[in-house]
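Participant: First, the structure itself, so that you have it in front of you.
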Amino acid sequence: MSRIELSNVYIEFPVYGHRSFRKALVAKCGGGIFGMVAGDDTETVIIRALNDINLTLETGDRLGLIGHNGAGKTTMLKVMAGVLPPAMGKVHIEGRVSPMFSTGLGMDPEDSGYENINTMGLYLGMAPWEIRERLPEIEAFCELGEFLNLPVRTYSSGMMVRLSFAVVTCIEPEILLLDEGLGAGDARFAEKAKRRVDRLIESSSILALASHSTGMIRSMCNKAILLDHGRIVQHGDVENVIATYDEMNRQALAAEAR
């Protein structure tokens with residue numbers, strides 16, 4: 001049985017920089033700002049990216065994360081993946097996770113492609129023997145050939161995406177975390193990548209998908225969450241959540257037109 005449980009989770013980021021910038025940030029983004037922390041003659045802005053999140057996902061759940069840019073969708077995926085530890089609250093995860101929301105998963109530009117395959121595989125929880133067993137599949141899928149012997153800093157951005165994608169998708173995940181904004185290289189490789197993602201979605205026990213596309217959420221998810229400034233505004237039936245999201249967008253457009 002796979003399971004994700006977030007209990008009273010808060011994610012906070014400190015912002016350092018020029019005093020006037022911090023004051024402007026507070027003025028503009030008050031809903032996402034926790035406050036100013038003073039010390040050693042300096043002030044630090046604390047942005048609360050997720051605010052008191054409570055969520056439980058179990059086998060069979062297909063969750064859609066909806067919200068405007070900066071609402072906290074990708075941040076929540078990173079929490080589910082164990083990438084971001086909470087400032088407060090608890091995160092409990094049961095099952096192998098495949099986090100498909102970043103193309104630089106533990107990648108070191110000074111290491112070779114082969115060295116990065118090993119590092120990323122370990123990051124995903126694979127045993128060394130399992131990485132060796134999956135290596136031919138990764139080599140074939142990324143199509144990088146002799147470039148795998150070279151430092152990743154010599155790669156184009158598309159080559160780095162292909163390497164990372166090949167590693168992340170080589171496992172059979174019980175929990176699949178997917179961001180629709182993840183690119184997969186050129187058109188031919190993107191089609192190849194889409195077929196693999198479709199297979200992973202079908203075989204995973206739990207899916208969490210962050211997307212702006214209500215059509216994608218409708219077709220792939222059986223429940224949804226609407227996020228706004230790091231808070232869960234609504235959680236439940238897909239159509240009800242989408243209706244609330246659409247109404248929020250209408251109100252925002254109307255306010256801008258005034």
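The values are calculated or read from the model by the stated rules, or taken from the named source; none is laboratory data. None of these values were measured; they are calculated from a predicted model. Note: ideal-geometry Cβ built from the backbone for every residue, glycine included; neighbour counts use all protein chains shown.
Participant: Would you mention how many residues in region 190-237 are closer than 22 Å to residue 79 by Cβ and in contact with a helix residue (DSSP H, G or I) (Cβ under 8 Å, 6 or more places away or on another chain)?
Facilitator: Matching residues across region 190-237 total 21.
Participant: Quickly run through region 96-149 and pick out the residues that are assigned to a helix (DSSP H, G or I) and among the polar types (S, T, N, Q).
Facilitator: 116, 118, 119, 149
Participant: Taking the stated definitions as given, is residue 121 buried (at least 20 other Cβ atoms within 10 Å of the Cβ), under 27 Å from residue 200 (Cα atoms), modelled with pLDDT of 95 or more and more than 17 Å from the chain's Cα centre (by Cα)?
Facilitator: no
Participant: Here's something else I'd like to know. Whether any residue in region 219-238 is without any contact (Cβ under 8 Å) to a residue 12 or more places away in the chain, surrounded by 13 or more Cβ atoms within 10 Å (Cβ to Cβ) and of a type in the set (S, T, N, Q) is what I want to check.
Facilitator: yes
Participant: Would you check if there is a residue in region 247-254 being under 20 Å from the mean Cα position of the chain (by Cα) and hydrophobic (A, V, I, L, M, F, W, C)?
Facilitator: No, the conditions are met nowhere in region 247-254.
Conditions (1) more than 27 Å from residue 157 (Cα to Cα); (2) under 18 Å from the mean Cα position of the chain (by Cα); (3) modelled with pLDDT under 90; (4) not acidic (Asp, Glu), marked per residue:
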residue: 35; (1), (2), (3), (4): yes, no, yes, yes
residue: 53; (1), (2), (3), (4): yes, yes, no, yes
residue: 59; (1), (2), (3), (4): yes, no, no, yes
residue: 67; (1), (2), (3), (4): yes, yes, no, yes
residue: 79; (1), (2), (3), (4): no, yes, no, yes
residue: 91; (1), (2), (3), (4): yes, yes, no, yes
residue: 97; (1), (2), (3), (4): no, yes, yes, yes
residue: 104; (1), (2), (3), (4): no, yes, yes, yes
residue: 117; (1), (2), (3), (4): no, no, no, yes
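Participant: Between a residue in region 200-215 that is more than 11 Å from residue 63 (Cβ to Cβ) and any residue that is modelled with pLDDT under 85 and buried (at least 22 other Cβ atoms within 10 Å of the Cβ), which pairs come within a Cβ distance under 6 Å, given they are 6 or more apart or on different chains?
Facilitator: Note: pairs meeting the criteria are 204/173.
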